[in-house]
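Report on the structure given below.
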Amino acid sequence: MSDSSDDQGQCETSYRNYLADLGFLVKEAALKAKEHKYKETKGSEAHIYETGRLMAFSFIIGLMQQQAEAFGIPLQDLRLEDIDPDKDLL
């Protein structure tokens, strides 16, 4: 194998690892935001803030899932196969 194919393989592995970590970390942050929302008094500024934060995470996870589908990337590769943002976050 040539050095360029080795570099390409390492780059592909890095991309896969990056996407898997990113999906996992975003999902975990979203689930923590959901916990924080329910710890706050409904109607309080903190509750409103956490609700907005959770909506943003829901949007981002949904967008990541849609783009993965459009590019033919399995959700398992992003570690987002087990979350439905509309059901699980909102």
- Message: Scan the range 43-61 and tell me whether some residue there is in a loop (DSSP other than H, G, I, E, B) and not polar (S, T, N, Q).
- Response: yes
- Tally time: how many residues in the range 44-74 are in contact (Cβ under 8 Å) with a residue 12 or more places away in the chain and farther than 16 Å from LEU89 by Cα? 2
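Table: residues versus (1) small (Gly, Ala, Ser); (2) over 15 Å from the mean Cα position of the chain (by Cα); (3) in a helix (DSSP H, G or I); (4) buried (at least 17 other Cβ atoms within 10 Å of the Cβ).
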residue: ALA20; (1), (2), (3), (4): yes, no, yes, no
residue: LYS32; (1), (2), (3), (4): no, no, yes, no
residue: GLN65; (1), (2), (3), (4): no, no, yes, yes
residue: GLU69; (1), (2), (3), (4): no, no, yes, no
- Out of the residues in the range 34-63 that are exposed (fewer than 14 other Cβ atoms within 10 Å of the Cβ) and among the basic types (Lys, Arg), state the one that is farthest from the chain's Cα centre (by Cα). LYS42
- Query: So, in the range 76-87, of the ones that are part of a helix (DSSP H, G or I) and either free of Cβ contacts under 8 Å to residues at least 12 places away in the same chain or of a type in the set (Lys, Arg) (or both), which residue ends up surrounded by the most Cβ atoms within 10 Å (Cβ to Cβ)?
  - Reply: GLN76
- Single condition GLN10 does not satisfy, out of (1) under 25 Å from GLY62 (Cβ atoms); (2) in a helix (DSSP H, G or I): (1)
- Task: All but one of (1) more than 25 Å from LEU90 (Cβ to Cβ); (2) at pLDDT 95 or above; (3) assigned to a helix (DSSP H, G or I) hold for PHE24, so report the exception by its number.
- Result: (1)
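The values are calculated or read from the model by the stated rules, or taken from the named source; none is laboratory data. Predicted model, so just to flag it, every value in this text is computed and none were measured. Reconstructed Cβ throughout: ideal geometry from the backbone, glycine too, with neighbour counts over all protein chains shown.
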